[in-house]
Amino acid sequence: MKPIYLDNNATTAVAPEVLEEMLPYLKELYGNPSSMHTFGGQNHRRIEEARAKVAALIGADPEEIIFTSCGTESDNTALMSAVESYPRKRHVITTRVEHPAVLNFARHLARKGYRVTYLPVDSLGRLDMEAFHEALDDDTAVVSVMYANNETGVIFPVAEIAEVLRERGILFHTDAVQAVGKVPIDVKELAVDMLSLSGHKLHAPKGIGALYVRRGTRFHPYIIGGHQERGRRAGTENVASIVGLGKACELAGEALEEEAGYLSRLRDRLERALLQSCPDARVNGDTTNRLPNTTNIGFEYVEGEAILLRLDEYGICASSGSACTSGSLQPSHVLRAMGVPFTAIHGSIRFSLSRYNTESEIDRVIEVMPTIIRELRLLSPYGKERLTQP
Amino acid sequence: MWEYSEKVKELFLHPKNVGEIENPDAVGEVGSMICGDALRLTLKIDRETERIIDAKFQTFGCASAIASSSVLTELIKGKTLDEALKITNKDIAEALGGLPKEKMHCSVMGREALEAAIANYRGEARPPEAEGRIVCNCFQVTEEKIRKVAIENHLTTVEEITNYTKAGGDCGTCIPEIEAILKDIWKAKAPPRPEAPRKRLTNLQKIALIQEIIEKEIRPRLQADGGDIELIDIIGNRVIVALRAMCVGCPMGGVTIEGIQERLRELVSDDIVVEQQ
């Protein structure tokens, strides 16, 4: 059975066009791009073509793009480079709802003696801008705020933050892993200094990412070794995946607007139908300013892992912020930071769509979900009185 | 994704004895929605023979919580209360064909609900592990419960305690306290994993050993990263070193020093403190 894959913020399918471009570099064209012979050296040109495509998607110059092994490496590199570049500054600002790639790195810096401010969000998952302004001081080495949240899809006012920081001369990094390819981003307009992106969130394979570093930004490499990436990221290039990322960015750029329209239509239909057919369900996050492909719905009085495993029986893939799925015994740090009531937080389900989802797949979810929720509420000591409601 | 046994999957998708007995003779409620799982167990008991005639459950929780509750009702039906009380969380886990280790707390919750129901029937106070001093505030776990579960399941590490009771699984503030409780439990009994006794070293031997470890193990490792280290002095248990080359000004310097200290403690003596000059 082909799965109904609605977990595209976790990872995406590799686009067939991407795979096709990659294959020669996994087979006959295995040369090392640094080699002096034509056989290897020709791959260097393909890397530069891919770099231009990645750059084009976000309005950057090709030389401002550094290929990395994943979004996490991009995030870690950006933060490490920032604190190494400004060794006298001992303050870092981020948010309470970052991806662990940023959040845990910030905690790591805190253990090393850095002062870290974690900016709060409101009940709709919107960043507290007043807290942001208050947190800034002359000791701030870097601010890292995600472009869009992976769990709720809520988009942060990155442009506004960037302007403030440029004015004050403070480095700004944004983790745009969930946003690149889903919403238009142009670093000519957006005053960020560094921006992280990840291949497998936009139909390139896992194991490839990129970091945009604005020309003139102080930079220290995180992985030290050979001269690859002009000394900014050592290690023999992952040629096939770099080519794949280039193609994926090209595809995303070509269809960005059209795809966003399609995804938000599908997503809104799913969301409306589920809120209507399942009593005591609520959307987590600001619905007016969200990624087009994401919805996070809290089904009160039921537990998320149980919902996911029932969905799994129908081949439907989604994710949850419940404690049982987080691996930490506590539910999602994002939903907790938003103050989502505990009646709903354990039953939160994220559906994240991609261009490959169809109307009929959405219909299937709309069809099975009410029964799943109803049955689990029947099992629950808290659910009984809820079933009588319309 | 969790590796659930076929039995857990089966009972999650088709749980047995779901619901609530009307006019039950005993009710046991444990857990809460805040913690992410809760179980309400109702029993019909033959008052003459003290035999459990019927058992039903309602569970808010994940697949393993639902399966644990379901198998519990099957295990206790037809048993006398005294027989039922002999069922341990291990019995519940075994009847399920095992649980992932991180999910053992689901089996513990089943056992607690049973004890609570029987105490309710007998008009007794709540079982001792439900009372007493709270060690883990995040999950409201008492010292009594930690002790009981540790002894019954022969748990020796904080991680195991977290898997079985959730204690220590969020903010982690109580971890030193859990460690102290575990130490206290197992010092009274035979320690489960005795450590090999370490040879006592003379000062000269100690200095020579530290020199050797730094020269042969630590320096080559740092040099491979473009760094270096110099041993400056050893005063009692204080090992004074200086970081050189690429290590100078490296923000990871603190980690390096900690790592060296850990290694020296492991190989030389527990009380070694490594300091930067």
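Quick notes
- From the options B:GLY61, B:GLY123, B:GLY78, B:GLY132, residue that is under 17 Å from B:TYR4 (Cα atoms) and more than 14 Å from the chain's Cα centre (by Cα): B:GLY61
- Within this structure, B:ILE53 passes the test of being of a type in the set (Val, Ile, Thr) and in a strand (DSSP E or B).
- Within the range A:289-309, residues that are under 15 Å from A:ARG269 (Cα atoms) reach partners that are surrounded by fewer than 24 Cβ atoms within 10 Å (Cβ to Cβ) and among the polar types (S, T, N, Q) with beta carbons closer than 6 Å, at six or more positions or on different chains, in the pairs A:PRO292/A:SER264.
- One residue from B:VAL71, B:VAL18 being more than 10 Å from chain A (Cβ to nearest Cβ) and touching a helix residue (DSSP H, G or I) at 6+ places or on another chain (Cβ under 9 Å): B:VAL71
- Filter result for B:GLY98 (surrounded by fewer than 18 Cβ atoms within 10 Å (Cβ to Cβ) and of a type in the set (Gly, Ala, Ser)): yes
- Check on A:ARG310, within 12 Å of chain B (Cβ to nearest Cβ), modelled with pLDDT of 95 or more and buried (at least 16 other Cβ atoms within 10 Å of the Cβ): yes
- Test: B:LEU96 is away from chain A (no Cβ under 14 Å) and farther than 29 Å from B:TYR4 by Cα: no
- Test result for A:LEU29, assigned to a helix (DSSP H, G or I) and at pLDDT 95 or above: no
- Lone qualifier among B:ALA84, B:ALA113, B:ALA65, B:ALA119 - being within 15 Å of B:THR42 (Cβ to Cβ), assigned to a helix (DSSP H, G or I) and within 14 Å of chain A (Cβ to nearest Cβ): B:ALA113
- Taking the numbered list (1) of a type outside the set (A, V, I, L, M, F, W, C); (2) touching a Gly at 6+ places or on another chain (Cβ under 9 Å); (3) over 23 Å from A:ARG336 (Cβ atoms) in turn, B:ASP184 passes all entries but (2).
- Residue in the range B:225-244 that is assigned to a helix (DSSP H, G or I), at pLDDT 85 or above and surrounded by 14 or more Cβ atoms within 10 Å (Cβ to Cβ) present: no
- One residue from A:THR325, A:THR343 being at pLDDT below 95, of a type in the set (Val, Ile, Thr), over 19 Å from the mean Cα position of the chain (by Cα) and surrounded by fewer than 24 Cβ atoms within 10 Å (Cβ to Cβ): A:THR343
Rundown of residues vs (1) within 14 Å of chain B (Cβ to nearest Cβ); (2) not β-branched (Val, Ile, Thr), yes/no style:
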| residue | (1), (2) |
| --- | --- |
| A:GLY31 | no, yes |
| A:GLU48 | no, yes |
| A:GLU64 | no, yes |
| A:ILE93 | no, no |
| A:HIS99 | no, yes |
| A:ALA106 | yes, yes |
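- A:ILE66 buried (at least 16 other Cβ atoms within 10 Å of the Cβ) and in a strand (DSSP E or B): yes
- Strands (runs of 3 or more DSSP E) enclosed by the range A:114-190 - at least 1 residues per element that are free of Cβ contacts under 8 Å to residues at least 40 places away in the same chain and under 14 Å from the mean Cα position of the chain (by Cα): A:171-175
The values are calculated or read from the model by the stated rules, or taken from the named source; none is laboratory data. Values in this document were obtained by computation on a predicted structure and should not be read as measured data. No Cβ is skipped: glycine too gets one built from the backbone with ideal geometry, and neighbour counts run over all protein chains shown.
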